[in-house]
Every structure is written in C-alpha cells, then in structure tokens.
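Structure, as structure tokens:
The values are calculated or read from the model by the stated rules, or taken from the named source; none is laboratory data. Just so it is clear, the model here is predicted, and its values are computed rather than measured. Please note: Cβ atoms are built from the backbone with ideal geometry, for glycine as well, and neighbour counts cover all protein chains shown. Surface areas here come from the heavy atoms of the whole protein model, side chains and all, with no ligands, DNA or RNA. Shrake-Rupley method; radii C 1.70, N 1.55, O 1.52, S 1.80 Å.
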Protein chains: 2
Amino acid sequence: MSARILVVDDMPVNRRLMQAQLSEEYFEVLLASSGPEALDICRREMVDLVLLDVMMPDMDGYEVCRRLKAEPTTLHIPVVLVTALDQQADRVRGLEAGADDFLTKPVRGLPLFSRIRSLTRLKMLTDELRVRAETAARVVAEPWDLGAETMGRNGRLCAMMARPEEALRVKRLVGAEHMIMPAVEPDAVLNPTEPVDLFILDLQAEAFDALRLCSRLRSNEGTRQTPILLIAGPEDEARITRGLELGANDYCQRPLDPNELLARIRTQIKRKRYDEGLRRSVQTTIELATIDPLTGLYNRRFLDGHLAQASEQSVRSGRPLCVLILDIDHFKQINDTYGHDVGDEVLRQFAERVRRSLRASDLAARIGGEEFALLMPDTDLASAEGAAERLRELIEAEPFEVQDLAIPVTSSVGLASLNGVEPRGLMKRADIALYDAKRAGRNRVVVASDLSTAGP
Amino acid sequence: MSARILVVDDMPVNRRLMQAQLSEEYFEVLLASSGPEALDICRREMVDLVLLDVMMPDMDGYEVCRRLKAEPTTLHIPVVLVTALDQQADRVRGLEAGADDFLTKPVRGLPLFSRIRSLTRLKMLTDELRVRAETAARVVAEPWDLGAETMGRNGRLCAMMARPEEALRVKRLVGAEHMIMPAVEPDAVLNPTEPVDLFILDLQAEAFDALRLCSRLRSNEGTRQTPILLIAGPEDEARITRGLELGANDYCQRPLDPNELLARIRTQIKRKRYDEGLRRSVQTTIELATIDPLTGLYNRRFLDGHLAQASEQSVRSGRPLCVLILDIDHFKQINDTYGHDVGDEVLRQFAERVRRSLRASDLAARIGGEEFALLMPDTDLASAEGAAERLRELIEAEPFEVQDLAIPVTSSVGLASLNGVEPRGLMKRADIALYDAKRAGRNRVVVASDLSTAGP
C-alpha cells in the first residue's frame, strides 16, 4: 500500500535524491529541511513514516526523534534514521532515541522499501484503533506511557535459535532485562504455554524454516499481533525482506551487538504494549457503555439494543424467544433495615445466582434498581417457565450471606414469549406478568397470557 | 503478510494442487471438501479468505458464498470463486452471490497471490474494529445490513476516465443505480467537492497516471479508506497487480460487461458501508461512555480521566491549569415551580451558554445534576477569573426562554488553580470555593485561596 513519507534532510541534493527514489515507487513524499520544520509537519499533517537524517545543524536527528516519541500526538509515527556512518554506536544511539530502524547512506532501494512497507503496514493496522482510543484513553485514563523507561523491559521472549547454545547466548545478552523462554521445536513456538511478548526466530537455522514459522505465527489468531524479531546472517537480505513481507517486525544481523539487540527488543516490546493499551482502553470504554458496574451484568441500554436484534432474528427464523423480568421482593426493606452497603451486596449475589443459571446463549442484564431481565433465544414458553421456576427456587433456597447476616431473599418473575408483536411489546408483557406475580403474593413465576395484550 | 486461506474443492487433486501453490508462497492452508464443511470451518475458526470451487455436488459454490455472506459471523470473510469456465454470465452470477472476486482454472500464481494479498490486507484493517464493533453494535443497534438489496446502491462514484466519452459510457452503464461524477483532471479526484463512495480510475488513460492517482488517494487521510476500482485493458495484468499493491480494491477489464461492472461496484460500496457502520458503532459507543446525554457535554467520568492527564502534563511542563466549578443557583426551585421538563431545558440552555464561552483548549463537563466543570489548560488564575466572571455575566444577562416563560437564572462559580497538589485536591478546592460563593449570597465568582488547603 502506498504511504506518505516525510523526508528530513538539511541538504537539498539529498532531499531531491530521496524524493525521486520514493516517488518512483509510488510513495507520496513531504520534505523538511530542519528538525523544527519536521516536528511541525508531524504535528499538523498525517505522516506515515519519517526518514530522518542524523547529521543536521541546530537540532540533530536523535533529538528530533526523541521529541517525536515524547509527544502523544506523534509517538505512533515510525521513524527511520539515516546516517552517513555505519558506526555500531550510532545505530544504538538512534535506537535508544526511539527510532524504529536505522539505514546507512547511500540508502539502497530494496532494504528501504521493504522497511517502509513493513513499518507503514503496522502503523495502518493500529491507526483505526488509535483514533478511537484518543477519546477512550481519557475515560479509562490508562497509565501507559511509551516514554517510560520500564515500558520496554521485563518482556517474555520466546527464542527459537539454530542451536541450543545460541539460545543461551541470547539469554546471556538480554536476560538481565527480559525473561527468555528457549524453544527447541516449532510446536513450542506455535503453542506457547505462557503469554509471549516477542518471538525471536533464527533465519540461519537449518533444522526449521524461520519464514514458515513466521507465516504460521501471523496466521494464528492468538499470535497474529505478537511482534517477531528475526536473527539473520550478514548475507541474508533477500530472506529478511521476505520475512518482513510475511509479517516479521524487525531483524538483527550477525555478528550480534548486545546493545543493538537490546534496543531493538525494547522498541518492539514498547510498541506491543502501546497497541495493547489502545485496545484495552477502547475495550474498557465500550464495556463502560454496556456493563452495569455494580453487578457486572449488561445494562439496560445493551439489553434494549440486543433485544431489537434478537427479536428481529426470531421473527425471521421463526424460532421462539422468551424474556424474563425478575425483581427482588421487598428489596426496599433490605436497604432500610441493613443499609445500602448490604443492599448492594445482595444485588451482587443475586446477579451471581442469575449468572450461574444462564445457558451460553442467554443474556442477563440489570435493568433497574432491583430489576433484572433475561433474554432466552431458541426457547419456547414451557422451557422458559421451567428455567424461571428453577431460578426462583435457587434464589429462595439459601439465604444470602452478607457480612455476618443471613438474609432470606425471594424473587418474583414475569415471563413472556415473542409472538409476532414488536420487541417493546415483549418487554411490556413480561413487565405486566411481573406485576401480576407481585400482586399474587410475590415469590412466584407468572407467564404473560398471549392474548392479554395482543390487541393494538 | 501471511494469511490463513480455506480451500474448498470436492476433488482431492485440486485441493492438493492449490495447497502446494499457496504453501510455497508461505500462506497457511485449511482444506474442505464440501460446502457444508466449509461453512462449518468458517464459523468455528479464523479464516482470512475462502477460495471456493463453484462446481460441487450437493451445495455449489454460489450457495456456499450466499450463506457465508448472509451470516453475521462470516460475512466479513473475503470469498474468491474458482471455476472451470470463463463465462461472463457465471462471473456475474458469482459476484451477485456476494463473491469478492472470480478466478478461472487453471488458477495462475500471480493474479491469485496479488488478489489474496489485497483482500486479506483490507480484511486485517477492519478486523481490529470488527471485534470491538460486535459488542458495540448491540448498544447502538446499527440498522446496517450487508444483505440488504439497497446496501450496494445509490453510491456516489467519481470516475476519471481516459476520455470524456468514456465517462459518459460508464454513466450509461451504471447511472441508473448510482450517481456518477465525472472528473476531468486529477485535482478533481484528489479534492472532491462532495463525499465519494467509490473512485473509478482508468489504467489505460495516457493523460494521467492512474497508479499515481491511486497512491495519492491512499496517502490522503480523507480518501485513504474510500474504495478504488480500476478499469484496465485485457493486457494490463502487471499494472493491475501494481494497482492492487498500492491499495486499489478491485478492477474490471475491457471489454466492459455492464453486469460485471455493476456487480463489482455494488460489492465495493457494500463493503465501504459495512466498514463505516463498524466505525460508527464503535465511535457512538465510546461517546455513550463519555457524553452526558442531556446536555451533550462530557460526563463526570470523562472529566476525571482527562483531569488526571491534564494535571500531570501541567506539573511536567510547569504551565498553569485552572478548574472552574459552576452551579445553577436555586435550581431546585425552577424544577419545583415549572416541572422537570422545563428544568431539563434550562440545563440544556445553560450548557449551551457554557459551550459558547469555551476556548478551543477548554473542556466542559456536566458533573452532577445542576453542576458543571470547566478545565482551562495554559491559563493562570487571573485570566481564569476574568473568564469565570464573563461566564457568570453571560448567564445572568438574559433570562432563559423556555416554552413561553422567561426564567432569570444566575450561577455561582468556584475557581482553583493547580499548585502542585494532586488533581483530586484541585477539584476539591474549586468545590470549596463554590461553596463559599453560595454562602456569600450566590451569583458570584470565588477564587480558592492557595493557602486554604495547602496543608496535609
């Protein structure tokens, strides 16, 4: 996929050269001649990747990179540093400034393009989430912070190397910062017994094909989003390119420099945790909008939306659908006698008993103070009545133990089945049945008569 | 990126052949020998794409495709039909069954792989959203339905063809179902004056480079997610492949068959609307968790999360931060005198006046019944006090017009600035200042003394 690349270089000739190369490959190019200009563009415009010259007057590439990675609005943009020197120390310095990769001038097409494609592909995957997470993160107030020292440490790394002693070497190199789990066969990589933050695969191994393993990890739902770091030989460029295409995130070439390896691992672990933070905050926000915080059951809003879909489906498929509305008898007395804390605990335990009686396809919600509803798809009235009666008995059977109290609780249940009337009618009829159950003396199940409200 | 492909064919030799081809390219392969088996696998496992033989006993490929596209749990999986014949009528029949593309046996590697890569890339982009939208859609109860006839119609198509008469031809072919906006130069495509549901670009045009245009559309934020359909000549395969790589979604080869063109356009428009539905439902759900439904301002939960971040930022940067808490004076009397409907309308209008007085960086929330808060970053106490006083005057200046009433409303404001104490302290001090404003006779602004609660 095409992408928008910002080229930052103080030399006009370098900018032109890079622009020509990228444009030829159908990338869109933005240009900046200094660090401050680059920062400004990244803040204002959509940029998919920054190609950043290291040696610039005033503000060098390391500093620009550090600033991009420190700002919440720009830290998600991948940065590739470009330098004239190929000094190991410079590489590490760049990676430690937060760069995602490092290329040496003259920049050759193939490694450049495969790197750009792999980095922008990953960015686009999280862009969808990021946009939404910006709002969500404020609700959830995730404590994640890409800039924090610890974000890239204490990872769980699963390493599959050519030989066992190589895995030990990796362990020696990075074991002080991370936990290393050596894998001796592909199965251990594909079905890890513990959660993994990063896979390290040895492209030079002969006993297994690291590219195949890479593709398997990317095809499995559980490992699709776990980063992969390839260990390659000095001559492995074609296979590295292939690996990046298949979904590997980064690579390190032999001879392994411990600091470079550490820096690359940190970058991958940070990014993984950042993505997880995004997902979690969107997820949690969605839950906040759907879950009743006291009982953990769904809320009224969720039930209403779900009921509309479930009844439409039921009408279309001709399969039955039942709704139960339950109410705790004399709940006000419990609150008045023992206080709200005890009342809340009774609600929680009540919800727990409801949850225990659910089948996988049922859905339970708290729809009011002491009122709950159960949606039972594919269930006819007779089976639903049986389930309602069992639930009523389960509530009555044992008193609720709260603090040192044993509080007897009973419930009334109204029950209705969908008979072609519109969804609101269904809840209404279950509600009327509940009211009848209350009037008839509580602690009982009443089934709505199909005829009672069949009129207009 | 690698992906998991389900190959469906009743002939063992065909399955083996296809498996070998795909595996060679590092795709993961699942096999099914019949339609029912394929449906079962798609329901149970993660599948990124289905390669579906058309001619099978019992249930043919068209029927399998229709069923996959009718089920909410499987409709997002791309389907490529494979047939022995190259009959135009079969192609169209397959596309109308909901297939994303159509390949003719013997299936050659290049078109197959470029198609798989393009379709699975698009799928992975929406997977992130889809997982979350499954929950969200129940809350929002989006009425979108991929199966509906109308989902693929009434699109707004921007067509950039080799010659104006070609654009007219496209209009004749599909104008009955869609609105066609012909573009005569690239600028009209890149900066459309109206929303566009699909771009149609002519690969055979000489006056412009359709691939370049494709890459521009994919690099712009506004058009990144709008589908692109390429019109190609019979010999254009290499450029089609390049176009799909750059982010085009589909293509149609000359001589153009009207039914095929219509079917492909419908598929693209449906998918776009499906994706938009996903985005909207996630977005709306997030808003439900953050917005006060009565006034449209943020809710307490959002303010708390945001305040934590804003005050941390203020401490780090050393820039000031102020909080205002506003309360409608004697609001209970309004409710008691005029009823809740009028009271709610007063709250809405009050919120509107607050909103009008905001600067872009301020944040307003309703934090209780008649209580509101304003967060003012980069604002010192003196400026905030000025703003608070102006807001108080704005409330008092004109009575609130509700129904035929003119209700005079005043407000009390408490104000505090962050002085190194922790965020909760900030809200607390503003609250105490508000209480002081009430006690001093209401309709006034009181600034929290920095010393008042500086102690432990």
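So, R0 is 45 Å and r is the distance between the beta-carbons of A:D40 and A:E389; what FRET efficiency does that work out to, to 0.05? Could the numbers behind the result be given before it?
Working: r = 70 Å, r/R0 = 1.55.
Taking R0 as 45 Å, the efficiency between A:D40 and A:E389 is 0.05.
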Worksheet, complete the sentence: Shape call for the range B:1-80, from the Cα gyration tensor axes a ≥ b ≥ c (a/c under 1.5 means rounded, otherwise prolate when a/b beats b/c, else oblate), comes out oblate
Response to the item:
Per the C-alpha gyration tensor (a ≥ b ≥ c, the square roots of its eigenvalues), the range B:146-285 is rounded if a/c is under 1.5, else prolate if a/b beats b/c, else oblate; here it's prolate
Item to complete: Can you tell me the relative contact order of chain A? Whole percent, Cα pairs under 8 Å, sequence separation 6 or more.
Response: 10
Worksheet item: Which is farthest toward the positive dipole end of the protein assembly as shown among B:L112, B:P258, B:A433, measuring Cα position about the Cα centre, with Cβ charges +1 (Lys, Arg) and -1 (Asp, Glu)?
Response: B:L112
Item to complete: Using a 10 Å cut-off on Cβ to Cβ distances, tally the other chain neighbours for every residue of B:214-221 and report the average as a whole number.
Response: 6
Fill in: Kirkwood hydrodynamic radius of chain A, from inverse mean 1/r over distinct Cα pairs, in Å
26.3
Fill in: With Cα atoms, 0 to 90° folded angle of helix A:61-70 axis to chain A main axis
10
Worksheet entry | B:A205 paired with B:R163, simple spin-label distance in nm, labels 7 Å along Cα-to-beta-carbon | 1.5
Worksheet item: Can you tell which of B:G233, B:Q349, B:L278 lies farthest toward the positive end of the dipole of chain B, using +1 and -1 charges on the Cβ of basic and acidic side chains (Lys, Arg; Asp, Glu)?
Response: B:G233
Practice prompt. Let me know the charge dipole size of the range B:146-285 about its Cα centre in debye, to the nearest 20, where only the beta-carbon of Lys, Arg (+1) and Asp, Glu (-1) is charged.
Written response: 480
Worksheet entry | Chain pair B, A: total accessible area buried, heavy atoms, 1.4 Å probe, Å² | 5300
Worksheet item: Angle between the Cα long axis of helix B:237-246 and the longest principal axis of chain B, 0 to 90 degrees, nearest 10?
Response: 20
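In debye, nearest 20, what is the charge dipole magnitude of the range B:1-107 about its Cα centre with +1 on Lys and Arg Cβ and -1 on Asp and Glu Cβ, if you could check?
Charge dipole of the range B:1-107: 100 debye, to the nearest 20.
Rounded to the nearest 0.05, what FRET efficiency is calculated for B:N154 and B:Q313 with R0 set to 60 Å and r the Cβ-Cβ distance? Before the final figure, lay out the partial values.
Details: r = 46 Å, r/R0 = 0.77.
Calculated transfer efficiency: 0.85.
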Worksheet item: How far is the Cα center of the range B:297-330 from the Cα center of the range A:51-70, in Å?
Response: 33
Worksheet item: How well do other chains shield peptide B:277-286, expressed as the mean number of their Cβ atoms within 10 Å of each residue Cβ?
Response: 4
Response to the item:
Burial-style ranking of B:272-280, A:8-16, average other-beta-carbon count within 10 Å with highest first, yields B:272-280, A:8-16
Worksheet item: So for B:T267, B:T73, what's the accessible-area order with a 1.4 Å probe, most first?
Response: B:T73, B:T267
Discussion item. How far apart, in nanometres, would the label points at A:A188 and B:R359 be if each is projected 7 angstrom from Cα along the Cα-to-Cβ direction?
Written reply: 6.0
Item to complete: Please state, rounded to one decimal and in Å, the Kirkwood hydrodynamic radius that the protein assembly as shown gives when every pair of distinct Cα atoms enters the mean of 1/r.
Response: 31.6
Practice prompt. Measure up A:K69/A:K123; B:K105/B:K272; A:K105/A:K272 against 18 Å on the Cα-Cα distance and list the ones that go over.
Written response: B:K105/B:K272; A:K105/A:K272
Discussion item. Which one, A:F199, A:N443, A:L213, is farthest towards the positive end of the dipole of chain A when Lys and Arg carry +1 and Asp and Glu -1 on their Cβ?
Written reply: A:L213
Worksheet item: So which aspartates and glutamates can B:K171 reach, going by Cα to Cα under 16 Å and dropping same-chain residues fewer than 8 places off?
Response: B:D197, B:D202, B:D257, B:E260
Fill in: Within straight-line cross-link reach of A:K332, lysines at Cα separation under 22 Å, skipping those fewer than 8 residues along the same chain
A:K438
Worksheet item: So, with +1 on the Cβ of K and R and -1 on the Cβ of D and E, and no other charges, what is the size of the charge dipole of the range B:300-450 about its Cα centre, to the nearest 20 debye?
Response: 480
Item to complete: Using only Cα atoms, find the angle between the long axis of helix A:258-290 and the longest principal axis of chain A, and express it within 0 to 90 degrees, rounded to the nearest 10.
Response: 20
